[in-house]
Amino acid sequence: MASKKFIQALELLEEEKGIEKEVVLDALKEAMEKSYKRNYAGTESKVEIDINPNTGKIRIFETKDVVDDVMDEDYQLSLEEAQAINPKYKLGDQVVSEVDPKVFGRLAAIQTKQLLRQKIRESEKDALFNEYIDKKDDIINGIVDRVEPNFVIVNIGRTGALLPKNQQIPGEKLVDGQHIKVYVSDVVRETKDTRIKVSRTEAGLVRRLFEQEVPEVYDGIVEIVSVSREAGERSKIAVTSRNDDIDPIGACVGKSGTRVNNVVKELNGEKIDIVEWNEDPVVYISHALSPSEVKHVTINEEEKSALVIVPDNQLSLAIGKRGQNARLAVRLTGWKIDIKSVSEAMAEGLAYDDDSEFNKSFEEEMTKIEEPIAEPIIQKVVEPVKERIVIEDIEEDTNDENIEEIVDDEETFDDEETFDDEEYDDDDYEYDDYEEEYDPYEEYDSYYDD
C-alpha cells in the first residue's frame, strides 16, 4: 500500500511540477545510495539501489570483494565468509548481497529526505528553465498576482515572473487579477532558482502582438522589417509585402482598423505609425518621417547619414514633440538624420532646386498611386483609417500657433542639430519616476521564495 501511494505521489509531482517520474526515481536512488554509504558503508563501497517504477518496491544490493586478508570490512569479505554464502566463491570474486531497506534508521531516513528534496528542487529549476528558454523573445499570457510600488509579480503558469517598474508601460495602472501579455526578455538559470524576466516596454512586444493579430504577418506574407518604440507614447513599424497583391499597411491596419486597434488597446493606448519599407534609403527615410511631407533627401553612404529637407510648415511635424518623430525614424532606419526646412537649406547655401530632375522623380515616387489590390473594397476602408491613425494623433500639435511656437523655440530646434540616436539619448525623455536605480529582486525573493 505504501509503495502504491509512493508511485501516486510521484505522478502528482510530475503533473504539478513538470518533473518526470523517472527523474524523481533516479534522484531517490542517488539520495539513498549516498545516505547508505555515509551511515552503513564506506564512500568507496559498491552499492546499487533498485526501485520498481510500477510497484515502488525498493531493493538495496551491496557488492564486496573476496580477499585472503581483510583490510576493510566495508569493501572486502574473507574467503571463509564468502564460501559460507556460496561454496563456489573463490579469491578475487565479488559477492553481491541484498540488504533489507529497514536497515535505514531515523538519521539515514532524514538524510535521504533532505538529499531527495534538494534533487527535486534542482530538477524543478531545470524543468522551468527548459520550458521557458524556448519562449524567450516571445510573448506569453499572464495574470497580475501582486502589485508593489517597485515591481509587479505576474503569474505565467507554473511560476511567477517579475515585472520591474522600469519595464512597465509608463502611465499604465496594473491591478490584481488583470490579464496581460508580457514579453519574455530573458531566462536566467541561477544557483538559487530560475528567473524569467518579462517586459512590457520592449520593441519585440509590438512585433509579436502584430504577429498574433495579423495572419499575413504570422504566415510571413507580410514582414515586419523594423520596429522602433518609445513605450507609452509612440511606436513606428516598417512593413513590406512578399505578395504584390497584398498591401502590407492595409493588412496590419485591418478592416476599419480592428487589427491595429487591438494592438493599441493591449499597449494601453500607445500610438502606432505603420510605414512601408523600401530598399531605397531615400524613399525609406521619407516614409519613416511620416506623417510629415519630405521635399528632398540627400544621403551619405559612408557615414550612413541623410540630410532631409521639408517644407517650412512641416519642420515641427517632421521633428515631433521633443524630437520624438525624428528619433524614432533614426532607430527605425538605422540612418542618422539631419532635418532642415526649405528656408534653412536655402539660407545655408545647400544645393536645392524644386525644379531639379531629381526632385521631380522623387516626388513622383513618393506620391504615385499604386494599382488597387485584389479586394478594392478593403482599400477604401483602410485608407481613411491609416490617415486617422498617423495624422489624428498629431493634429492637435500641428496648428499654426503651435508650429510657430515650436519653430521659434531655439532650445528645441537647433538649425545645426543632427537627429541621431546617440545625441537624442532616451534618458533625456524618460519619466523621472522610471529612472531610479532599484533592485526589485530583493523584495521579490522574500515574497516568491517558497
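The values are calculated or read from the model by the stated rules, or taken from the named source; none is laboratory data. Given the structure is predicted, the values throughout are model-derived calculations rather than measurements. Virtual Cβ from ideal backbone geometry, glycine too; neighbours counted across all protein chains shown. Just the protein is used for accessible areas: all its heavy atoms, side chains included, with ligands, DNA and RNA removed. Shrake-Rupley method; radii C 1.70, N 1.55, O 1.52, S 1.80 Å.
Among residues of the range 84-98 that are farther than 14 Å from residue 60 by Cα and among the polar types (S, T, N, Q), none has a Cβ under 7 angstrom from a residue that is modelled with pLDDT under 85 and assigned to a loop (DSSP other than H, G, I, E, B) at a sequence gap of 6+ or on a separate chain.
Scanning the range 218-248 for residues that are among the aliphatic types (A, V, I, L, M), modelled with pLDDT under 95 and not in a loop (DSSP other than H, G, I, E, B) yields nothing.
Considering (1) open to solvent by less than 60 Å² (accessible area, probe 1.4 Å); (2) more than 30 Å from residue 234 (Cα to Cα), the lone condition that residue 164 does not fulfil carries the number (2). The residues listed here are 143, 156, 133; of these, the one that is open to solvent by 50 Å² or more (accessible area, probe 1.4 Å) and touching a Gly at 6+ places or on another chain (Cβ under 8 Å) is 143.
Taking (1) part of a loop (DSSP other than H, G, I, E, B); (2) surrounded by fewer than 17 Cβ atoms within 10 Å (Cβ to Cβ) in turn, residue 186 satisfies each apart from (1). Exactly one residue out of 274, 285 is part of a strand (DSSP E or B) and under 24 Å from residue 248 (Cβ atoms), and it is 274. Looking across 172, 131, 124, one residue alone is closer than 26 Å to residue 227 by Cβ and outside any strand (DSSP E or B). It is 172. When the residues of the range 143-169 are filtered to those that are over 18 Å from residue 266 (Cβ atoms) and in a loop (DSSP other than H, G, I, E, B), the one that is modelled with the lowest pLDDT is 158.
Considering the range 25-80, and only residues there that are part of a helix (DSSP H, G or I) and more than 29 Å from residue 13 (Cβ to Cβ), the residue that is most open to solvent (accessible area, probe 1.4 Å) turns out to be 80. Do you know which residues across the range 128-160 are within 20 Å of residue 189 (Cβ to Cβ), in contact (Cβ under 8 Å) with a residue 24 or more places away in the chain and among the charged types (D, E, K, R)? Hits for the range 128-160 are 131, 135, 136, 137, 138, 158.
Based on this model, can you work out whether residue 132 counts as among the aromatic types (Phe, Trp, Tyr) and farther than 30 Å from residue 197 by Cβ? Against the criterion (among the aromatic types (Phe, Trp, Tyr) and farther than 30 Å from residue 197 by Cβ), residue 132 does not qualify.
The residue pairs whose first member lies in the range 270-287 and is within 25 Å of residue 259 (Cβ to Cβ), whose second member is basic (Lys, Arg), and whose beta carbons are closer than 6 Å, counting only pairs six or more residues apart or on different chains, are 271/234; 273/236. Scanning the range 288-304 for residues that are open to solvent by 30 Å² or more (accessible area, probe 1.4 Å), touching a residue at least 40 places away in the same chain (Cβ under 8 Å) and farther than 25 Å from residue 235 by Cβ gives a single hit, 295.
Checking each residue in the range 195-228 for being over 24 Å from residue 333 (Cβ atoms) and open to solvent by 20 Å² or more (accessible area, probe 1.4 Å) picks out 195, 197, 212, 213, 215, 218, 219.
Would the range 102-118 turn up any residue that is farther than 25 Å from residue 28 by Cβ, open to solvent by less than 50 Å² (accessible area, probe 1.4 Å) and not in a strand (DSSP E or B)? No: zero hits. Every condition in (1) at pLDDT 75 or above; (2) closer than 18 Å to residue 114 by Cβ holds for residue 50 except the one numbered (2).
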